[in-house]
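One structure is given below, encoded as structure tokens.
The values are calculated or read from the model by the stated rules, or taken from the named source; none is laboratory data. The shown structure was predicted, so the numbers you read here are calculated from the model rather than taken from an experiment. Quick reminder, even Gly has a Cβ in these numbers, built from the backbone with ideal geometry, and neighbours come from all protein chains shown. For the accessible areas, the whole protein counts, side chains as well, though only heavy atoms, and no ligand, DNA or RNA atoms are used. Shrake-Rupley method; radii C 1.70, N 1.55, O 1.52, S 1.80 Å.
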Amino acid sequence: MVYIFPVLYVIFSYGFFIFAGASKYAGNLDTVILFAPAVLGIINLVMVLTVGKNWSRKTLLNCTLITKYGLIPFYLLGGSFIVSLILLACFAYFPLPFISIAGILVVIFLLSGLLVLFGSAPYAIAYIVRSYKEEIHPKGALIAAGICQFFFLLDILSVMALTLKERHKVKTTIAVFVLLCLSILSISLMFYSLYAAA
């Protein structure tokens, strides 16, 4: 039961990508899907501030890993889309209206990504605070990890570092790190090959 809200948060965060075309068939489904991550982010915060005070440090870490690792493809998809739009606007010869629309889409995707990022932070912050109280990690590392929770990719890397230092889910964390690096490398090579071909 503890892990249901982090799992729902991850699922609904992908709702924009999954159900983007379903709105014409499902009425107001698009509005529900658009605001579901914000509502679930608030629920995550309330859960951490109320019931989460009784959870163990490992439970908070597991909730953090569910949200952070589960959102890696979301960040990669959104980031790739944003970079694609920026590259199209900068290097392609499109008319001004297209470039204006591309700029608006970049802002919308950045804001959506930031909302998802902020909604995933409560579990990580609660874990960091609990680790500080139990003196598990050095204070400087925890402060840096807390700041990193509000920046794309740094949030995941800081959680990975704390997880490895705690020796919790080490194989999973290493596997996720390798997949993340390979994904970033593949996406970078794809963009480089498109740029070189242009």
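The figures follow:
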{"item": "Residue-span extension gain [Lys171 to Phe151] - 0.36 nm each, minus C-alpha spacing", "result": "4.7 nm"}
{"item": "Net length gained if the chain between Leu49 and Met190 were fully extended (0.36 nm per residue, minus Cα distance)", "result": "46.5 nm"}
{"item": "Relative contact order of region 76-188, pairs being alpha-carbon contacts under 8 Å that are 6 or more residues apart, as %", "result": "20"}
{"item": "Contact order relative to length of the chain, as percent, for alpha carbon pairs under 8 angstrom and 6 or more apart", "result": "23"}
{"item": "Accessible-area value, Leu185, 1.4 Å probe, nucleic acids and ligands omitted, Å²", "result": "100"}
{"item": "Solvent accessible area, Å² - Tyr132, 1.4 Å probe, full protein context", "result": "120"}
{"item": "With Cα atoms, 0 to 90° folded angle of helix 139-148 axis to the chain main axis", "result": "30"}
{"item": "Between helix 72-91 and the chain: long-axis angle, C-alpha atoms, 0 to 90°, nearest 10", "result": "30"}
{"item": "Carbon and sulfur %, accessible surface of region 43-116 computed with the full protein complex present, 1.4 Å", "result": "82"}
{"item": "Tensor-based shape of the chain (alpha-carbon gyration tensor, a/c under 1.5 rounded, otherwise prolate or oblate)", "result": "oblate"}
{"item": "Backbone HN-Hα couplings from phi across region 45-61 [Karplus 6.51/-1.76/1.60, Hz, Gly and Pro as x]", "result": "5, 5, 4, 5, 6, 10, 5, x, 5, 8, 7, 6, 4, 5, 5, 4, 5"}
{"item": "For region 53-198: accessible area per residue (Å², 1.4 Å)", "result": "56"}
{"item": "3J(HN,Hα) from dihedral phi, region 171-187, Karplus parametrisation 6.51/-1.76/1.60, rounded to Hz, x for glycine, proline", "result": "5, 4, 5, 5, 4, 5, 4, 5, 5, 4, 5, 5, 5, 5, 5, 4, 5"}
{"item": "Burial ranking of peptide ranges 1-10, 69-78 (average Cβ count within 10 Å, highest at the top)", "result": "69-78, 1-10"}
{"item": "MRE, 222 nm, helices only [DSSP H, n ≥ 4, -39500 (n - 2.57), over the chain, to nearest 500]", "result": "-26500 deg cm²/dmol"}
{"item": "Helix axis angle, 4-13 relative to the chain longest principal axis, alpha carbon, degrees", "result": "10"}
